[in-house]
Amino acid sequence: MFGPARAEVSIIPVMQGDMVTMLGDSELPDALPILALRNTVLFPGTVIPVTVGREKSMKLIKEAEKDGKLIGTVPQKDAFIEDPVKEDLYEYGTVAKIVKTIEMPDGSITAILQGYNRFRVEAIVEYAPYLLGRVQYLKEIPADKSDPDIKAISDNIKDVAAKILKMSVNLPKEAIMAISGIDNFEFLINFVSATIDVEEYADKLQLLSLGDLKARSLKLLELLNKQLELLKIKEDINQKVKSEIDQQQREYYLNNQLRTIQEELGMDEAEEFRSLRQRASKKNWSKETADIFEKEMQKLERSNPNSPDYNIQLNYLTFMLDLPWNDVTKDNLDIKHAQKVLDKDHYGLEQVKDRIVEYLAVMKLRQDMKSPILCLYGPPGVGKTSLGKSVARALGRKYVRISLGGLHDEAEIRGHRKTYIGALPGRIINGIARCGSSNPVMVLDEVDKISSDFKGDPSSALLEVLDPEQNTTFHDNYLDVDYDLSKVLFITTANTISTIHPALRDRMEMINVSGYLAEEKIAIATGYLIPKELKAHGLTSKDLKISKGALVSIINDYTRESGVRNLEKQIAKIARVTAKKIALGQERPARIEKSHLKEYLGLPVAFHDKQEGNEAPGVVTGLAWTEVGGEILFVECSVSEATGGAHGVLSMTGNLGDVMKESATIAYQYVKAHPQLARMTAEEFAKKDIHIHVPEGATPKDGPSAGITMVSAMVSALRGEKVRSHIAMTGEMTLRGRVLPVGGIKEKILAAKRAGVDTIVLSKENRRDIEDIKSIYTDGLSFVYVDKIDDVIKYIFEN
């Protein structure tokens with residue numbers, strides 16, 4: 001028996017031979033009693049059981065069986081109509097003979113029907129006691145057995161039907177054997193049509209309406225393929241749903257076990273909620289924040305502990321409780337103590353120290369003063385970052401350091417909204433939570449190296465953080481509650497201020513932390529670096545001593561920097577070699593002298609920023625400012641005769657930037673307009689090729705401050721006279737010959753002293769910068785202030 005139960009009928013096609021028997025015209029009456037079928041189609045040659053429950057249908061079955069009459073089976077259009085008329089019936093039906101009837105316990109009758117000829121209903125002539133219809137019998141158009149398509153179609157129908165039966169849970173697998181054993185083409189089509197379910201009921205009726213067996217077979221194959229694809233999709237969906245249900249059942253089972261264990265240990269959710277509220281009651285936060293916390297707590301209590309949102313909400317509330325809110329550490333307002341701590345940790349940096357002491361002094365008079373926002377900028381290795389830790393120690397505050405180098409996502413500052421998967425608070429609020437205080441010293445390191453992309457601009461997000469008028473209500477996206485940052489002492493660090501957002505730069509107090517003189521480096525090495533490295537390498541002052549001469553040699557021959565970072569590395573290397581000698585029991589000097597440095601540090605490093613004395617014409621020493629401090633550079637100029645009587649040209653080499661190339665062009669045009677500076681006529685100048693070169697071609701160079709240096713080099717080369725010895729110069733020039741002021745004067749002075757320069761030529765407007773610098777930095781140097789390029793030329797060629 002095959003087929004699923006229907007609303008009125010259960011289809012169970014039965015194999016009775018392998019042939020389709022048709023009745024002759026003499027056996028077929030003009031009118032047939034019509035049995036309306038619900039959701040069922042009887043095909044010629046097939047045998048199906050039909051369960052009959054309607055009064056008219058039962059009367060029809062009983063009389064037809066008693067008299068041995070043929071009946072007509074016609075499918076209903078709507079299975080829910082109890083008393084159908086002609087309009088409620090399909091046009092096509094099948095002649096049937098009642099093989100057997102079985103009375104069921106519920107009073108209904110199951111009739112076994114065998115199908116024969118197809119017919120079309122022309123009219124219903126009687127409605128009582130049951131339907132009687134006048135019909136037209138339809139002929140079958142048999143398939144041509146010699147047609148090669150018939151064998152292929154037959155095999156395909158068997159294969160697809162077998163696959164459908166394997167995937168159908170409500171059809172017995174024995175049907176596969178039955179179908180594979182059918183050889184009669186017509187019977188195969190009708191049997192498969194009756195056996196296999198299709199998605200649309202109307203499709204089966206269309207099969208019944210087709211008299212051409214080949215056409216019916218092709219339509220059947222199309223429907224079978226559609227049904228197979230549909231079953232495959234259903235099977236995939238069932239597998240996915242089953243997997244998800246299995247996972248949910250597993251989680252449900254484990255969560256129930258976990259809840260039982262927690263209840264036994266007294267660790268249920270109610271206890272967790274009580275613990276959170278108890279912590280909240282001790283928080284020193286505003287009423288608005290307390291109301292928000294309670295609202296979020298109620299949301300947590302309504303959540304299902306098994307849902308992902310529960311843990312997100314719990315983590316959020318826990319973070320709210322981890323924040324210190326208005327909890328602050330008490331400041332140590334002892335100004336002498338602060339001064340002592342700052343001096344102990346850092347040498348120099350007087351401007352920064354004075355600013356901290358001023359802040360403490362005002363705090364002593366007014367307790368609610370907002371913290372300053374300082375920006376320390378200068379070359380690497382001068383102690384900008386480490387100064388923050390010393391300030392925190394001097395004030396008795398907690399210390400937080402946040403590195404901003406390479407930051408390009410605004411969410412790193414403001415955080416993500418907590419509804420996102422993996423949401424986190426921003427670094428500012430997270431740092432506050434880590435330190436457990438609302439008034440820490442927070443160092444924002446490398447603020448000049450922030451970048452931006454499609455994720456936003458972190459510099460813009462910092463505008464709110466570093467604005468004293470706005471940071472009282474800083475809004476972090478994750479926290480979603482305003483937080484007061486006005487008590488935080490922000491210290492930002494940078495190597496250059498040119499890349500800092502202008503609005504951000506405007507919000508900070510800019511303090512220049514310049515490089516150190518050799519004397520200062522010796523003091524730092526003696527008082528700070530050597531004791532630090534001795535401790536780091538397990539040595540004592542008896543194990544390692546370094547003479548002043550050795551330190552001077554290390555500074556001049558092994559390092560070339562504005563700060564002391566490389567100096568510290570060299571001292572650490574000496575400490576490592578000393579530790580190795582002690583461990584191996586080797587002899588070592590009682591004091592490291594200059595003569596020992598080759599053994600400990602290797603050969604001195606060759607540096608190119610020693611002043612060469614301008615021994616040849618066309619070579620002039622300039623001064624430049626870089627992110628790592630001041631440097632000297634040499635501008636070299638050579639002159640040659642233009643070939644073929646052509647006009648002279650200017651060529652430039654040395655990896656020069658656009659601004660520096662413009663300075664060279666301005667210098668060339670100025671000398672061209674004033675050839676008397678070079679003691680030649682315009683005609684003579686026009687025949688000269690001039691080549692400007694700045695050594696160390698692998699290093700990019702740019703900026704306008706080499707303008708007067710380039711003019712001097714050109715004039716020197718054209719005259720064939722060398723300039724004064726031991727001088728260096730810096731200044732921008734205009735086409736009218738004016739010398740303009742430049743920046744980075746202190747760093748340039750330090751570079752000049754390292755290089756052995758004793759005279760610096762610069763703009764008259766830079767005099768105020770020189771007067772603002774402490775005399776310790778300018779001792780041993782003389783300054784020549786100029787207003788026009790003529791003054792420069794006059795000075796450098798005197799005597």
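Brief remarks on what is shown
- The gain in end-to-end length when the GLU721 to GLU509 segment is fully stretched comes to 71.5 nm, 0.36 nm per residue minus the alpha carbon separation.
- Taking a ≥ b ≥ c as the square roots of the eigenvalues of the Cα gyration tensor, region 534-594 is classed as prolate, since a/c reaches at least 1.5 and a/b is larger than b/c.
- Area of GLU200 that stays accessible when all protein chains are in place (1.4 Å probe, Å², to 10): 110 Å²
- Accessible area of the chain belonging to carbon and sulfur atoms, whole % at 1.4 Å probe: 51 percent
- For region 686-799, fraction of C-alpha pairs farther apart than 16 Å, in %: 62 percent
- Between helix 658-673 and the chain there is an angle of about 40 degrees, using the helix long axis and the longest principal axis of the Cα atoms.
- Segment SER595-ALA178, length gained on full extension (0.36 nm per residue, minus Cα span): 139.5 nm
- Judged by the gyration tensor of its Cα atoms, with axes a ≥ b ≥ c, region 77-189 is oblate; a/c meets the 1.5 cut and b/c is at least as large as a/b.
- Every helix of 4 or more DSSP H residues in the chain counts as -39500 (n - 2.57), and over all residues that averages to -12500 deg cm²/dmol at 222 nm.
- Judged by the mean number of other Cβ atoms found within 10 Å, the most tightly packed of the peptides 650-657, 189-196, 31-38 leads the ranking 189-196, 31-38, 650-657.
- Gyration tensor verdict on region 745-793 (Cα atoms; rounded if a/c is under 1.5, prolate if a/b is larger than b/c, oblate otherwise): oblate
- Between LEU254 and SER403, the distance separating the two model label sites (each 7 Å from Cα on the Cα→Cβ line) works out to 3.6 nm.
- Remark on VAL99: its backbone amide H falls under 5 Å from those of ILE112, LEU113, GLN114, a criterion applied only to residues 5 or more positions apart or on other chains, H modelled at 1.01 Å from N.
- Efficiency of FRET from Cβ geometry, LYS389 and SER541, R₀ 22 Å, rounded to 0.05: 0.35
- Sparse-neighbourhood loop sites, trypsin sites (Lys or Arg not before Pro) in region 336-438 - DSSP loop, at most 12 other Cβ within 10 angstrom: ARG366, ARG417
- Greater than 25 Å apart at Cα, pairs in LYS166/LYS240; LYS204/LYS226; LYS398/LYS545; LYS344/LYS545: LYS398/LYS545
- Computed over all pairs of different Cα atoms, the Kirkwood value for the hydrodynamic radius of the chain is 37.1 Å.
- Averaged over residues, the count of other Cβ atoms within 10 Å places the peptides 67-77, 781-791 in the sequence 67-77, 781-791, highest first.
- Added length on full extension, which subtracts the Cα-Cα distance from 0.36 nm per residue, ALA616 to ALA128: 162.4 nm
- Residue order for ILE292, ILE511 - accessible surface, 1.4 angstrom probe, largest first: ILE292, ILE511
- Signed unit charges on C-beta, dipole axis of the chain, positive-most listed residue ILE81, SER782, SER390: SER782
- Between 0 and 90 degrees, the angle of helix 350-365 with respect to the longest Cα principal axis of the chain falls at about 70 degrees.
- Top positive-direction residue, dipole computed over region 306-366 with Cβ charges, set GLY348, ASN306, PRO324: GLY348
- Accessible surface for MET660 stands near 10 Å², nearest 10, in the context of the full protein assembly shown (1.4 Å probe).
- For the chain, the antiparallel share of DSSP beta bridges with both residues in that region comes to about 60%.
- Å² per residue, accessible surface of the chain at 1.4 Å: 49 Å²
- Sorted from longest to shortest, the spans of the Cα atoms of region 330-397 along the three principal axes equal 35, 22, 18 Å.
- Rounded to the nearest 20 debye, the dipole magnitude of region 270-407 is 420 debye, with +1 charges on Lys and Arg beta carbons, -1 on Asp and Glu beta carbons, and the Cα centre as origin.
- Of the residues LEU551, ASN39, PRO425, the one whose Cα sits farthest towards the positive end of the charge dipole of the chain is LEU551 (charges of +1 on Lys and Arg Cβ, -1 on Asp and Glu Cβ, taken about the Cα centre).
- C-alpha long axis of helix 55-67 to longest principal axis of the chain, angle in °: 50 degrees
- Counting only Cβ charges, +1 for Lys and Arg and -1 for Asp and Glu, the dipole size of the chain around its Cα centre is about 3620 debye.
- As a rough guide to protection, the peptides 592-603, 734-745 ranked by mean Cβ packing within 10 Å, highest first, stand as 734-745, 592-603.
The values are calculated or read from the model by the stated rules, or taken from the named source; none is laboratory data. Computed from a prediction, not measured in an experiment: that's the story for all the values here. Cβ atoms come from the backbone with ideal geometry, glycine included; neighbour counts cover every protein chain shown. Ligands, DNA and RNA are stripped out before the accessible areas are found, and what is left, the full protein with its side chains, is counted by its heavy atoms. Shrake-Rupley method; radii C 1.70, N 1.55, O 1.52, S 1.80 Å.
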